[in-house]
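Visitor: Quick one: the structure is below, and I'll ask about it shortly.
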Amino acid sequence: MFNSVLLGLAIVAHSQMMSHGASSVRAPYGSRTLATNSTSTGCGTSPTLTSGVYETTVNGQQRQYTLTLPQNYDPSNPYKLIFGYHWLDGTMNDVVGGSYYGVQPLSNDQVIFVAPQGLNNGWANSNGDDITFNDQMLDTLTAGLCIDESRIYSMGWSYGGSMSYALACARPDVYRAVAVMSGANLSGCSPGTQPVAYYAQHGVSDSVLPIDLGRQIRDTFVNDNQCASQSPQEPAAGSGTHIKTEYSGCSSGHPVWWIAFDGPHEPLATDAGASSPWTPDQIWEFFSQFD
């Protein structure tokens, strides 16, 4: 499912790590603020969207995304919304085919999921175009569907994790929380000064985006969320385990979770001897604490 993209990611990391402070052109959704129990304008009306593939134009370029609605969608019920961003050379179809990183099966059919498609199968976010793409999707989704605008989330692996990090930096008043799997600062972080609930996981033996890159972007939100400084324990290579750190002292509503695991550059980490990955459950638990 997660095709071989390691060399390409290494090249991207080298060429883009220091160059992307991508500025964000704010679409209408980008100017809104995070509200408590805020329902979208699409609530209480007949939905204008169904599950399927949609298109929008961003700065002259055609963009696509896949929308997955609950089977028994109720226009009077404000739903949680989760974006799933693909990795380098992955596609929105890969995310959907992988049931949104294994999180969708845990949702009890009570979440709206969206899988955006990146230009050139990546998330360079040149001139803030991918942030603007996200704004336009949100404008369409909140107008046509019943969404709880206080429960909007993003997750992704590798380049997709980097894009989720960029969204937390650029849209802290839109995203309740993000989950970054093996990410780095590849899609920019502008301005990156406001708190957002932040989940991250990274393999200690990641040779594509080394774990120190994940630590660096984690610390953006350790600082922004005013968490107490600490040095999380991490498992030894070959231990077959993972170690989860929940930072203490963070500002109210802005937790930071950091999970270091014994493994390479992979999204769905599994401990030695286990039959299934722990990643989906951890992400779902992190997002669900805001219900």
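Visitor: Condition (residue is within 19 Å of the chain's Cα centre (by Cα) and not charged (D, E, K, R)) applied to segment 230-242: is it met by at least one residue? Steps first, answer last, please.
Guide: Residues of segment 230-242 that are within 19 Å of the chain's Cα centre (by Cα), as a first pass: none.
No, that holds for no residue.
Visitor: On to the next question. List the residue pairs whose Cβ atoms are under 9 Å apart, where the first residue sits in segment 50-63 and is more than 15 Å from residue 126 (Cα to Cα), the second is modelled with pLDDT under 95 and among the charged types (D, E, K, R), and the two are 6 or more positions apart or on different chains.
Guide: none
Visitor: Go over the candidates 222, 196 one by one and state the one that is crowded, with 24+ Cβ neighbours inside 10 Å, over 22 Å from residue 126 (Cβ atoms) and among the β-branched types (Val, Ile, Thr).
Guide: Checking each option against the conditions leaves just 196.
Visitor: Out of all the residues in segment 211-224, is one or more part of a loop (DSSP other than H, G, I, E, B), in contact with a His (Cβ under 7 Å, 6 or more places away or on another chain) and in contact (Cβ under 8 Å) with a residue 12 or more places away in the chain?
Guide: no
Visitor: Follow-up. Please specify each residue of segment 191-214 satisfying the condition of being farther than 19 Å from residue 177 by Cβ and out of contact with any Phe, Trp or Tyr (no Cβ under 8 Å at 6 or more places or on another chain).
Guide: 205, 206, 207, 208, 209, 210, 211, 212, 213
The values are calculated or read from the model by the stated rules, or taken from the named source; none is laboratory data. Just so it is clear, the model here is predicted, and its values are computed rather than measured. Cβ atoms come from the backbone with ideal geometry, glycine included; neighbour counts cover every protein chain shown.
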